[in-house]
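The values are calculated or read from the model by the stated rules, or taken from the named source; none is laboratory data. Just so we're clear, the structure is a prediction, and the values are computed from it rather than from any experiment. Methodologically, a virtual Cβ is constructed for each residue, glycine included, from the backbone with ideal geometry; neighbour enumeration extends over all protein chains shown. Heads up: the accessible areas ignore ligands, DNA and RNA and are worked out on the full protein's heavy atoms, side chains in. Shrake-Rupley method; radii C 1.70, N 1.55, O 1.52, S 1.80 Å.
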Amino acid sequence: AQKITQTQPGMFVQEKEAVTLDCTYDTSDQSYGLFWYKQPSSGEMIFLIYQGSYDEQNATEGRYSLNFQKARKSANLVISASQLGDSAMYFCAMRERSNQAGTALIFGKGTTLSVSS
Amino acid sequence: NAGVTQTPKFQVLKTGQSMTLQCAQDMNHNSMYWYRQDPGMGLRLIYYSASEGTTDKGEVPNGYNVSRLNKREFSLRLESAAPSQTSVYFCASSDGGLDQPQHFGDGTRLSIL
C-alpha cells in the first residue's frame, strides 16, 4: 500500500488565485512528520513547509500553509495568491519514527502545478 | 553556502560501464541519503547512512553500492550500469530529528545506453 498518495497528477490555476494540492498518508505511528517540497523545471528540490503529528496548529510559511487533518490523515498544501514562479512539481513526503530506513523520507508521486497569467 | 554538492551533473554511460556519483555536504549533518527519481514515481530511497561508518539499504538498492567516506561525503557506485538505471539521482542530508528537513543536492541526470 502506498504510504503517501497524491491523487492530482496535474493542477491548473490562474495567477493570484489560491490552489490546494492534496496529500493523504498512511502510518500507524503516533509520531511522524510531513513535508512538502517544490521541484521547478530546473530540477532542484526546495523544502517548503513542515507539519509535525503533534502540532495543534496548521503550519504556515509565507504564502504556503498546510491544511492538516490528522483524523483523515491528510496534509494538503495551500498556496495563496499563486504566482507564475509557482509552476513546478510538488511532492508530499513523510518521515515516520518507526521507519526502518532511519530518518529517510517517503515521497508521493507528485503533482504538477501550472500557473497561467 | 554550498549545502549539498553532487558531481557530476550529467553523465552518459554505456551498458556495463561503472561509475561513482559523488556527494558532499558542509552542514555537519549525520544522516545522508541517495534517492532516484523516475517519471511518475516520485523519489525512491536507494541507500542511506544514518551516521559516519554505517550504511543501509533502502527501497531500491539492487545494482548499487555506497560508501560513507567520512561525515561529509557519501558516494553511490554503479558497478555495471544497466538501462533501467537511467534516472535522476539525488543526494540529501539531514540532522536526525523527525522535524528536520532534508537538504538536497541539485541532482545527477544519468543516461545508460
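Only residues that are open to solvent by less than 20 Å² (accessible area, probe 1.4 Å), at pLDDT below 95 and not small (G, A, S) were counted across region B:1-31, and they come to 1.
The criterion of being crowded, with 17+ Cβ neighbours inside 10 Å and either more than 10 Å from chain B (Cβ to nearest Cβ) or under 19 Å from B:Y35 (Cβ atoms) (or both) does not hold for A:I49. Listed here are the strands (runs of 3 or more DSSP E) enclosed by chain B that have at least 1 residues being within 27 Å of A:Q6 (Cβ to Cβ): B:4-7, B:19-25, B:31-38, B:42-49, B:64-68, B:74-78, B:87-94, B:108-112.
Could you please let me know if B:N62 is farther than 16 Å from B:C91 by Cβ and either in contact (Cβ under 8 Å) with a residue 40 or more places away in the chain or away from chain A (no Cβ under 14 Å) (or both)? In short, yes.
What residue, of A:L105, A:L113, A:L21, A:L34, is within 18 Å of B:E59 (Cβ to Cβ) and surrounded by 15 or more Cβ atoms within 10 Å (Cβ to Cβ)?
Exactly one residue qualifies, and that residue is A:L105.
Please go through region A:4-18 and pick out each residue that is open to solvent by 50 Å² or more (accessible area, probe 1.4 Å), of a type outside the set (S, T, Y) and assigned to a loop (DSSP other than H, G, I, E, B).
Keep residues of region A:4-18 that are open to solvent by 50 Å² or more (accessible area, probe 1.4 Å), which gives A:7, A:9, A:12, A:14-18.
Those left that are additionally of a type outside the set (S, T, Y): A:9, A:12, A:14-18.
Matches in region A:4-18: A:P9, A:E15, A:K16, A:E17, A:A18.
Among the residues making up region B:99-113, a single one is more than 13 Å from the chain's Cα centre (by Cα), facing chain A (nearest Cβ under 7 Å) and open to solvent by 30 Å² or more (accessible area, probe 1.4 Å): B:D99. Check whether at least one residue in region A:13-21 is facing another protein chain (nearest Cβ under 10 Å) and within 30 Å of B:I46 (Cα to Cα), and report yes or no. No, region A:13-21 contains no residue that is facing another protein chain (nearest Cβ under 10 Å) and within 30 Å of B:I46 (Cα to Cα). Here A:A104 passes the criteria (1) modelled with pLDDT of 95 or more; (2) in contact with a Gly (Cβ under 7 Å, 6 or more places away or on another chain) except the one numbered (1). Note on region B:39-70: residues that are buried (at least 18 other Cβ atoms within 10 Å of the Cβ) and basic (K, R) total 1. Of all residues in region A:29-46, which are more than 12 Å from the chain's Cα centre (by Cα), more than 13 Å from A:I106 (Cβ to Cβ) and facing chain B (nearest Cβ under 9 Å)? Across region A:29-46, the qualifying residues are A:S31, A:S42, A:G43, A:E44, A:M45.
Restricting attention to region B:81-96, and to residues there that are out of contact with any His (no Cβ under 9 Å at 6 or more places or on another chain) and at the interface with another protein chain (Cβ under 8 Å from one of its Cβ atoms), which single residue is most open to solvent (accessible area, probe 1.4 Å)?
My answer is B:V88.
Residue count for region B:26-55, restricted to those that are hydrophobic (A, V, I, L, M, F, W, C) and more than 7 Å from chain A (Cβ to nearest Cβ): 4.
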